[in-house]
Every structure is written in structure tokens, then in C-alpha cells.
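What follows is a short report on a single structure.
The values are calculated or read from the model by the stated rules, or taken from the named source; none is laboratory data. Being a predicted model, the structure only gives us computed values, none of them experimental. We place every Cβ from the backbone using ideal geometry, glycine too, and count neighbours over all the protein chains shown.
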Amino acid sequence: MSRLPVMSSKRVLAENAQDLAPAQKRLRKDADPVKPAATVIGTKRPALAATRAPICVIKQSVASTTSKGGNMKQPVASTGTKTGGTQKLKPCDLKGKVSDMVRNYQIKVKTLNQQNEVLQDSVSQSQRKIVQVEKELQIQRSQIGKLQVLAGVQDELEKVLSDKNFLQKELTNVEGKYRVMETLRDSQETELQTLKMKLSVQESTLARVQVNLRDFEEEVRSLKETVAQQKDELYAGEMERRRLHNTIQELKGNIRVFCRVRPLVGGGLPKHVQLATSDNKAITLAKTEESHTGKTADTQKNYNFSFDRVFGPRASQQEVFEEISLLVQSALDGYNVCCFAYGQTGSGKTYTMEGDEVDETRGVIPRAVQQIFKAAGKLGEQGWEFTFTASFVEIYNETLRDLLYTGKSSKRPEHEIRKTTSNEVTITNLTYERVSNEDQVLGLIALANQNRSTAQTAQNDRSSRSHSVFQLDIEGVNAGRDVKCKSTLCLVDLAGSERMVKSQSQGDRFKEMTAINGSLSNLGIVIAALANKESYVPYRNSKLTYLLQGCLGGNSKTLMFVNIAPEPDSFGETLNSLRFASKVNDCVIGTATANKK
Ligand code: ADP
Ligand code: MG
């Protein structure tokens, strides 16, 4: 460093300060011009000390300094040993020496000043360089900063590049998809075109159809009007049919009697039963009486009867029903209808009323029920709605028994006949079953037969000694016309009409006989009273007539089958039956009126 020599000179001056002290005072004036040099060197005090240093020593010291430079201590020490001591200098020498010293010192100062200047230059140069270097450093830093920024930018760039690659791939992908979509779009456009064409075809078809539809609507409107008109006409026609039908029934008689002859077990017809060949209304019972004396010829006694219709032994169930079907129709039209089967046991009452299960041999009840449901269905088209309620009751020994009862026999309820406020007859605790089809009714008939046969095992042949009454209550409503009708169809299989031999009639049998005879004869009396328009009709005299009160007389139509057995040994019973039936046939029951509300 350039500062190092200056520092050394200071120290030299300080060390020789004591030696130079006496000369210092003298040399103060001369020393003044050198003062600035000390100021240049450094601090103020060392400058003063330097002025007071022994000149001789300095001379040598300077010499050594200039010659050797660097470490100045060594020469000063050696000088001290040379000049120190007790040797005294002369004034002239001293003066010369001082002046030399001053000169040397001045030279030295000069040199130092020059060096100082050089150093100052160097310092200022260095400072400039420093400034420059700092500037460069600054520039470098800013460049480094920029480079750092650039490095960041590089990273960004790489990222952007990878993004770009990714996006490129995506783009390729999307382009692929786009191409697929384009193909799809093209095909859909084609399809659209096709559909448009179809649509236009459909539109024109639709327009045509709409025109047709309007025509049809117009037609439907006029047809509806026609239908409504025809419905009115149909209703009027139906009412007219009912009226005419009823007129016919009345002309035929509100009480009619049909006679039916059961075939012989081996077929054919016995001699004593003769049927008219001209018409089917007459029957003759012929009895040949042998002459008691033997002298006269046997006499034949004929008993002639005529009825509304006589069915021979070959008459089928269908033929028989055809006659009664008109009355069944009356039941649907709102008239009470009652149909009895009268005759001795084994004459064919049950066969006529119920028949066998096979289609052709089915009797009146299943056929009537079938006809009623069929006719009700047809009337439904004209706005009629029907409800049917069935009941099946047995009258044995003037006691009522529910044949549709399904509970425990020990809990069988008792029954009583009651009249409602509207004069309708009902039976307490009886099963009234709502039915809507034929099968249901057939099921009820089967149940009734089961109930009868159970009773029969306990008491032999009970069914022939009891009346069984099947009742179908019919209620019709025509809401559109605000018309209602209500009626009852009664189909009765009466107890056997045979008379007992009095000697055989004892105990229960006698009681049974009395009950049967009582109710059957009362039936005859009631019908006769009705025919004679008597004010008092003894309905209450028997359970049968009381129960059938609504179906007999004024507001009803009555049909009685008299069934006869063809066997010769039944002659007496047959004759009795025919007599009873013809008595009934002679009655004219008051003209019926339909139960319309
Ligand atoms: P009832 O009920 O009057 O006692 P049924 O109806 O039980 O008599 O008849 C007695 C028998 O005669 C039965 O076996 C029945 O099948 C038969 N029968 C009755 N009438 C006819 C007929 N018209 N044709 C064929 N068989 C009949
Ligand atoms: Mg019977």
C-alpha cells in the first residue's frame, strides 16, 4: 500500500522527538513552510511532533528511507547509537547540519508531497475505479437480475411449451372428434332431410285426414242425434212392448193353470189318462167301473178338465219353460209373479221346478234365472240397472226354515213373517243373498238342496211334506228416464198333495198332514177369495199364503202347474189334484198393474 511509507515516517519522527527538542525552537520559523506537508500526511499532532524531531537523525533516517524504503525502525536505531552519547556538536556544524536537515526535509517533504499526489491520484483513480467497478457491479447485478428473470422466463417457457404440447395433443384429439361429429352431422342432416320429406308427406296426409275427420265428426253428430232419437223411440217401444205384453198376459188370465203329466216309468201313456189330440188344453181321466151285479156292462166315467195348457209326458223342459218365460219377462217389467207346482208326491213337481243338472233337463227356476239375467243385460243397454236378491225358504209344519243358512245347526235362528210399512213382506233372520249371475243362483239352489237333504236324513222324505219357496227380488232403475220398478219372482215347490189314510195318520205324521192340508186348502181359499173380489182374503191363515201375499192377487200374475202321476193307482190323487187345479183355474184375479214408481 502507498500509505505504508507515510506511517513509518511518523513513527520515526515520534521516536526522535526528545533528541530534536532543543533544535526545535530555533527551527520553528523555517519549519513553517513544511507544515502543509505534515497536514497532508495525517493528523495534526504528529505533524507538530515531526517538526520537533532531531534533524540529523532525520537526515539519516530519510536517507535510509529513500534508499531502502519499507521498515524505517532499523536505521533509526542504528542512527541513535551513532549520534547519541555525550559528543557535543559545534554551532556551525549544527547550523549546517540543520540546514541540510531542512533541505533534506524539504526535499523529503517535496518527495512525499509528490508521492502523496501520486498516491492521491492513485487513490482518486482507485476511487474512480471503485465507482466504475461498483457501476459495473451494479450493471452486472442488474444483468444477473435480468438473467434470473430470464431463467424464470425459461421455466415459464418450458412450462408453456409442455402446455403447448398438451394442448396440441388435445387439439388433435378434438379435431378427431370434430371430424367424427362432422360425419355424424352429415348423416343426421341426411336423415333430417328424409324426415322433412316424410313430415311433409305426413302433413299432407294429416290435412286430408283432418278434412275427413271433420266430415266424420259431422256424421257422428248426426248419428248421435239419430241414436238419441232412436233411444227415445226404443224406450217408447219398450214401454209399448211392456204394455202389450201385459195385455196379452191379462188376456191369457192373471192366473193360469198348466197341467203336466209325468211319463210312466216304462214309457207310454196309461189308458185312464187321455189327452186331447185337437188342442193341448184338455185332459180326461177315465174310470171304468165294473158292474156290481155282473148283469150290466162295465160303465166308464170320464172326468174332463181343461187348463190353459196341458203338457203330455213327452213335453220337454224347454217346451214347458217357453210358456212360463212370458211371465218371467213380466217379472222384469215390474209385475209380481208366482209360480206353484202342485201335485202328489212323485208326480214331478221338483222335476218341473228345479229339474236335473243337465242342460236339457234343467227346470223352471234355473231357466227363469238365466232368462232374467239375460234380459236384464239387454235392458242395461237402454239405461236400466237391476239388482237381484235371492232367498230360499222351507215351510214345514207351519215353521219357516232358511235353506241358505250356513251357520251351525244348533244356532239356527227362528223366523217370523213381517210386513213393512210399505206393505212388503219380509222374513226375520232370513238370508237375503245379493246375486248378479246365473252361477251364483245355481250355487244357492245347490246349497238349499243340501240343507233339505240334511233335514231329510233325520226325518224320512221330509221334502215331500214341506213347501219350498225360492224368491228373487228384482229392483230396476233407469236413471236417465227417472223410472224405477220393483217386483218379486216366486217359484214354489209345494208339499205333496196326497191325502193320508186316516188310520195311518198318527203323531208327527198327523201333524204334518194337518199342516199340509191346511196350507194347501187355504191356498185354494185365498185364490177363490181373490177371484170373487172378497173384501177379506185370509192370507194369514197359513204361513204359505201369508208369505206369498205380495205375489198373489191384485198386483200379480200367478201360474200353477198341476203335476199328475200317470200310474193307475194314483187315479184318486190325480183326480183330486185336477179338481183343485180347475177350481183355481176358474178364478179370475183382478187385473194386475205394474209396480212402477
Ligand atoms: P215330486 O217332487 O212331485 O215328488 P219328482 O219331481 O221328484 O216328484 O219326480 C219323481 C221322479 O219322476 C223323479 O225321479 C223324476 O226325475 C221323475 N220325473 C218327474 N217328471 C218327469 C218328467 N216330466 N220326465 C221325466 N222324468 C220325470
Ligand atoms: Mg219334490
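Could you tell me whether any residue of segment 262-270 is surrounded by 20 or more Cβ atoms within 10 Å (Cβ to Cβ), over 24 Å from VAL441 (Cβ atoms), within 16 Å of ligand 1 (Cβ to nearest atom) and basic (Lys, Arg)?
yes
All conditions in (1) within 16 Å of ligand 1 (Cβ to nearest atom); (2) assigned to a loop (DSSP other than H, G, I, E, B); (3) surrounded by 16 or more Cβ atoms within 10 Å (Cβ to Cβ) hold for ILE324, with the sole exception of (2).
Is it true that SER497 is in contact with a Ser or Thr (Cβ under 9 Å, 6 or more places away or on another chain) and either in the same structural domain as CYS338 (by the TED database) or surrounded by 16 or more Cβ atoms within 10 Å (Cβ to Cβ) (or both)? Step through it out loud before you land on a result.
Details: in contact with a Ser or Thr (Cβ under 9 Å, 6 or more places away or on another chain): yes; either in the same structural domain as CYS338 (by the TED database) or surrounded by 16 or more Cβ atoms within 10 Å (Cβ to Cβ) (or both): yes.
Spelling it out, SER497 is indeed in contact with a Ser or Thr (Cβ under 9 Å, 6 or more places away or on another chain) and either in the same structural domain as CYS338 (by the TED database) or surrounded by 16 or more Cβ atoms within 10 Å (Cβ to Cβ) (or both).
For segment 390-417, give me each residue that is under 30 Å from LYS484 (Cα atoms) and loosely packed, with under 15 Cβ neighbours inside 10 Å. GLU416 - this is the single residue of segment 390-417 that is under 30 Å from LYS484 (Cα atoms) and loosely packed, with under 15 Cβ neighbours inside 10 Å.
This table checks each residue for (1) touching a helix residue (DSSP H, G or I) at 6+ places or on another chain (Cβ under 6 Å); (2) within 13 Å of ligand 1 (Cβ to nearest atom); (3) of a type outside the set (S, T, N, Q).
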{"site": "SER306", "(1), (2), (3)": "no, no, no"}
{"site": "GLN318", "(1), (2), (3)": "no, yes, no"}
{"site": "VAL328", "(1), (2), (3)": "yes, no, yes"}
{"site": "TYR342", "(1), (2), (3)": "no, yes, yes"}
{"site": "THR345", "(1), (2), (3)": "yes, yes, no"}
{"site": "LYS349", "(1), (2), (3)": "no, yes, yes"}
{"site": "GLY355", "(1), (2), (3)": "yes, yes, yes"}
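Within the bounds of segment 228-242, is there any residue that is under 41 Å from the mean Cα position of the chain (by Cα), of a type outside the set (Ser, Thr, Tyr) and surrounded by 10 or more Cβ atoms within 10 Å (Cβ to Cβ)? Yes. Of all residues in segment 246-269, those satisfying the criterion of being under 26 Å from SER570 (Cα atoms) and modelled with pLDDT under 80 are GLY267, GLY268, LEU269.
Suppose we keep only residues that are polar (S, T, N, Q) and under 13 Å from PHE307 (Cα atoms) within segment 258-287. Which one would you say is farthest from the chain's Cα centre (by Cα)?
Initially, segment 258-287 is screened for residues polar (S, T, N, Q), giving 274, 277-278, 280, 284.
Imposing the further condition that a residue be under 13 Å from PHE307 (Cα atoms) reduces the set to 280, 284.
Values: ASN280: 66, THR284: 74 Å.
Across segment 258-287, the extreme among qualifying residues is THR284.
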